[in-house]
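The values are calculated or read from the model by the stated rules, or taken from the named source; none is laboratory data. This is a predicted model, so every value here is computed, not measured. Note: ideal-geometry Cβ built from the backbone for every residue, glycine included; neighbour counts use all protein chains shown. Calculation scope for accessible area: heavy atoms of the full protein, side chains included, ligands and nucleic acids excluded. Shrake-Rupley method; radii C 1.70, N 1.55, O 1.52, S 1.80 Å.
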Amino acid sequence: MNGLARRRPKNGRFAAVLIGIVATGLLTGLWFYGRPVHHVHAGLATLKSRDWERLQYELLALPHSSEYAKPSSLFSAALKLERREFVSAHRELRFAADDASLRPLAWLLAGEALYAQNRFREAEINFKRALELDPDLIDAHRWLAIAYYDIGLMHEAVVHLRRVAELDPSDARPHRVMAVIHMDLGSNAISVEDFEESFRRNPRQPDRADMLVELAGGQLSLKRYDDALQTLAACEETAEVMSMRADALYSLGDAAQAKRLAQRALAAEPQQRLSLYVLGKIALGDRHYEEAVDFFTRGAKIAPSDYDMQYMLVTALRAAGQTEEAEKRLELAEQLRLVREEFDSLLTRAIDEPYNADIRYQLGILADRLNMPHLAQSWLKAAVVLDPGHGLAQRALKKQGNASPDAALLLRGS
């Protein structure tokens, strides 16, 4: 008892000291939180997250003094850009850029403003200047990736997307965009790797269902049929998914199951091209030539620019003894091959002439003829980005609808 009694004052003193330390820490924290410099740091963080309401709060919390005038101008410019008040925002950004620590962000925001006004070349210069000052400015890399994607410079876009992925290992979206790019370029093996890495980083992305179907399509093109079936097992059983499963099963030798799935897909969606293609191949293999001709003819009507469908129709017509019709279809298939060659030639020119809007317009028209709606819209958008007054591209783009993925939306995960 006496020992305990002797220790109590010591414990009491220890408790008092501890309370004093905690209280001092709390007061220091409250003091720091109330300091204007805290609102500068908080505003910069909020600017990156694009929380405009919070940014407005941090701006209002800064004192009206020369010491904080430049960060105030930066925050004010960002809010004005969100309201599309470009002229006033540019004035604020020029003033904010006098502060070396804020200059990279000022260049970045100026680039965003110029891009929103369809002034592509000037925006590109601003994004590059921001990176010269801060090579790790992740949003500058994001915007250059978006800009190059939009004008069809996919290799340059990939360079900046890879840098975004390096700077933020938790971000799944750069690999998602790279997967789309490589898929459109026909680099299916790389596209599949990009999809897999994107899923590794985040298995539950907003457009997960679309990504799974696209991944399965890449796996089918690489003849990875078992992998494709495993991917499709995680998908909702739509007509498209059933058709892809039928294609994989047929390639693995299970024609009976493939036929059942393809028929179910056609019952749900009579315009399902891949199911008609699979059923045509099955009929051809069973020597039911007239039936094969019917399936391939229906498929060719749905997708007249599908070279594989046209070629298989020629094969079925010859097998059925319809030689004259087969020759007509062969001529059409040859025309499609020549269009594809012209498209590939223009792709090379588009890389050599990155700011040529006319080449991009021509690529959009050819992609449409080749039944590639995503690519058609992407190239037509590129023409309009480079030349907002390109009337032919604008009219063709309106006819396309909404087929092409938007890089900015994909990178935000929207």
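Net charge of the neighbourhood of ALA268, taken over other residues with C-beta under 10 Å away and scored Lys/Arg +1, Asp/Glu -1, is -2. Fraction of C-alpha pairs exceeding 21 angstrom in region 72-196: 43 percent, rounded to a whole number. The mean sequence distance of close C-alpha pairs (under 8 Å, at least 6 residues apart), as a share of the length of region 132-200, puts its relative contact order at 23 percent.
Global dimensions of region 266-414 from alpha-carbon coordinates: Rg and Dmax equal 18.6, 55 Å. Largest mean-square fluctuation among SER243, SER170, SER73, in a Gaussian network model of the chain whose springs join Cα atoms under 10 Å apart, belongs to SER170. Shape descriptor for the chain: Rg over Rh equals 1.16 (Cα atoms; Rh from the Kirkwood inverse mean 1/r). Quick check: at a probe of 1.4 Å, how many percent of the accessible area of region 115-253 sits on carbon and sulfur atoms? C and S fraction of accessible area: 48 percent.
Couplings 3J(HN,Hα) for region 315-328, derived from phi with the Karplus relation 6.51 cos²θ - 1.76 cosθ + 1.60 (θ = phi - 60°), are 4, 5, 5, 5, 5, 7, x, 8, 5, 4, 5, 4, 5, 4 Hz, where x marks Gly and Pro.
Please label the shape of region 273-333 as rounded, prolate or oblate, based on the square roots a ≥ b ≥ c of the eigenvalues of the alpha-carbon gyration tensor (a/c under 1.5 means rounded; beyond that, a/b larger than b/c means prolate, else oblate). Cα axes put region 273-333 in the oblate bin.
If you build a Gaussian network model of the chain, linking Cα atoms that sit under 10 Å apart, which residue out of LEU261, LEU131, LEU62 swings the most? With Cα springs under 10 Å in the chain, the top fluctuation among LEU261, LEU131, LEU62 is at LEU62.
Solvent-accessible area per residue in the chain equals 52 Å², computed with a 1.4 angstrom probe and all protein chains kept. Whole-Hz Karplus values for region 248-260 come out as 5, 5, 4, 5, 8, x, 9, 5, 5, 5, 4, 5, 4 Hz, taken residue by residue from phi with 6.51 cos²θ - 1.76 cosθ + 1.60 and θ = phi - 60°; glycine and proline positions read x. Between the helical axis of 103-116 and the longest alpha-carbon principal axis of the chain there is an angle of about 40 degrees. Seen against the Cα atoms of the chain and their longest principal axis, helix 391-400 is set at about 80 degrees. Considering only LEU74, LEU266, LEU105, the Gaussian network model of the chain with Cα springs below 10 Å gives its largest mean-square fluctuation to LEU266. Could you give the distance between the Cα centres of region 253-285 and region 190-233, to the whole Å? Spelled out, the Cα-based centre of one part sits 22 Å from the other. Taking amide H as placed 1.01 Å from N in the peptide plane, the amide H of ARG119 sits under 5 Å from none that are at least 5 places away or on another chain. Axis angle, to the nearest 10 degrees, between helix 36-49 and the longest C-alpha principal axis of the chain: 10 degrees. Restricting the calculation to alpha carbons of region 141-235 gives Rg and Dmax of 13.1, 38 angstrom. If you wrap the tightest convex hull around every Cα atom of region 211-277 and split its volume per residue, you get 71 Å³. Take the Cβ atoms of LEU60 and LEU338, set R0 to 56 Å, and the FRET efficiency comes out at 0.30.
Excluding same-chain neighbours fewer than eight residues apart, the lysines reachable from LYS48 by a Cα-Cα span under 29 Å are LYS70, LYS80, LYS128, LYS381. Electrostatic bookkeeping for ILE190 treats Lys and Arg as +1 and Asp and Glu as -1; over the other residues with beta carbon under 12 Å from its beta carbon, the sum is -4. Simple spin-label estimate for GLU327 and ALA116 gives 6.3 nm between the two label positions (7 Å along the Cα-to-Cβ direction from each Cα). Compactness of region 53-136 was expressed as the Cα radius of gyration divided by 2.2 N^0.38 Å, which yields 1.06.
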